[in-house]
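The values are calculated or read from the model by the stated rules, or taken from the named source; none is laboratory data. This is a predicted model, so every value here is computed, not measured. Note that each Cβ is placed from the backbone with ideal geometry, even for glycine, and that neighbours are counted across all protein chains shown. Just the protein is used for accessible areas: all its heavy atoms, side chains included, with ligands, DNA and RNA removed. Shrake-Rupley method; radii C 1.70, N 1.55, O 1.52, S 1.80 Å.
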Amino acid sequence: MLNMRWSSVIFLILLMVFPALCRAETADLKVLLNELKIASAQTRTLSSRFVQEKHLAIFSEKLLSQGRFVFQGPDSLRWELLTPVATGFVLRGSRGERWNSLNRELERFSVKDNPIMGVVAQQLLAWARVDLDWLEQRYHMELITLHPARLRLTPLDPGEAGFIDYLQILFADNRRHVDEVLLMEKGGDSTLLRFTDVQLNIELPEAIFSPPEFR
């Protein structure tokens, strides 16, 4: 009987505390999103290196690759894997070119005519610009930690939710760019991107948004 009374007391305490915790978390999330919007509005260009770690559920080893990422507002990108095989793409507005050093060929594309490249480009632009309006339309956002700023994003689109479990985003202390992106897939595979040597608002050479020349 005593145990039942204590269980009832604990249950009542949880009923009182849980809504307060939810309100606090919601308030902290709003504060963070506002800080991110203000900070990201100052970013005109971004250049960084990155390391990509791919974990496959069927293997114990992780697959490592390195590359660079360049952004210039409002919608120019260069995403390039440098090792182990050089591949990548550049985007200027709605059109771009992608390449693979193995076949040494360029392929022109339009984000309107190539849905896959369109989604990839939109995602990268969203991270570079910290475009929270776009992200909030596509994901349910949860605050994991405020310091450091870490969010968990669950896809709202049924197609995307069919193969992506969630995204976890770690922001830099100054809130002006993304430090890490963890993508967890439904099957247990995961991809971790770590951005390093991040430079903001530097002058970029015009050729940076041109593809390599294969001869």
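List the residue pairs whose Cβ atoms are under 7 Å apart, where the first residue sits in region 76-99 and is without any contact (Cβ under 8 Å) to a residue 24 or more places away in the chain and surrounded by fewer than 19 Cβ atoms within 10 Å (Cβ to Cβ), the second is assigned to a loop (DSSP other than H, G, I, E, B) and charged (D, E, K, R), and the two are 6 or more positions apart or on different chains.
Every condition considered, the pairs that remain are GLY93/ASP75; SER94/LYS112.
Do we find that ILE116 is outside any strand (DSSP E or B) and either among the polar types (S, T, N, Q) or modelled with pLDDT of 90 or more (or both) in this structure?
For ILE116, the condition - outside any strand (DSSP E or B) and either among the polar types (S, T, N, Q) or modelled with pLDDT of 90 or more (or both) - is not met.
Within the bounds of region 130-137, is there any residue that is open to solvent by 50 Å² or more (accessible area, probe 1.4 Å) and closer than 20 Å to LEU183 by Cβ?
yes
So, in region 157-195, how many residues would count as being of a type in the set (Asp, Glu), closer than 25 Å to ALA57 by Cα and either in contact (Cβ under 8 Å) with a residue 24 or more places away in the chain or touching a strand residue (DSSP E or B) at 6+ places or on another chain (Cβ under 8 Å) (or both)?
5
Can you work out which of the residues in region 113-162 that are under 24 Å from LEU32 (Cα atoms) and polar (S, T, N, Q) is farthest from the chain's Cα centre (by Cα)?
My answer is THR145.
Would it be correct to say that THR154 is surrounded by fewer than 17 Cβ atoms within 10 Å (Cβ to Cβ), within 26 Å of ALA57 (Cα to Cα) and of a type in the set (S, T, N, Q)?
The answer is yes for THR154.
For region 34-48, which positions are of a type in the set (D, E, K, R) and either in a helix (DSSP H, G or I) or surrounded by 15 or more Cβ atoms within 10 Å (Cβ to Cβ) (or both)?
Residues satisfying the conditions are GLU35, LYS37.
Out of region 57-71, which residues are surrounded by fewer than 20 Cβ atoms within 10 Å (Cβ to Cβ) and in contact (Cβ under 8 Å) with a residue 24 or more places away in the chain?
ALA57
Looking at region 190-207, which of its residues are surrounded by 15 or more Cβ atoms within 10 Å (Cβ to Cβ) and either in contact with a Pro (Cβ under 9 Å, 6 or more places away or on another chain) or among the hydrophobic types (A, V, I, L, M, F, W, C) (or both)?
Within region 190-207, LEU192, LEU193, PHE195, VAL198, LEU200, LEU204 qualify.
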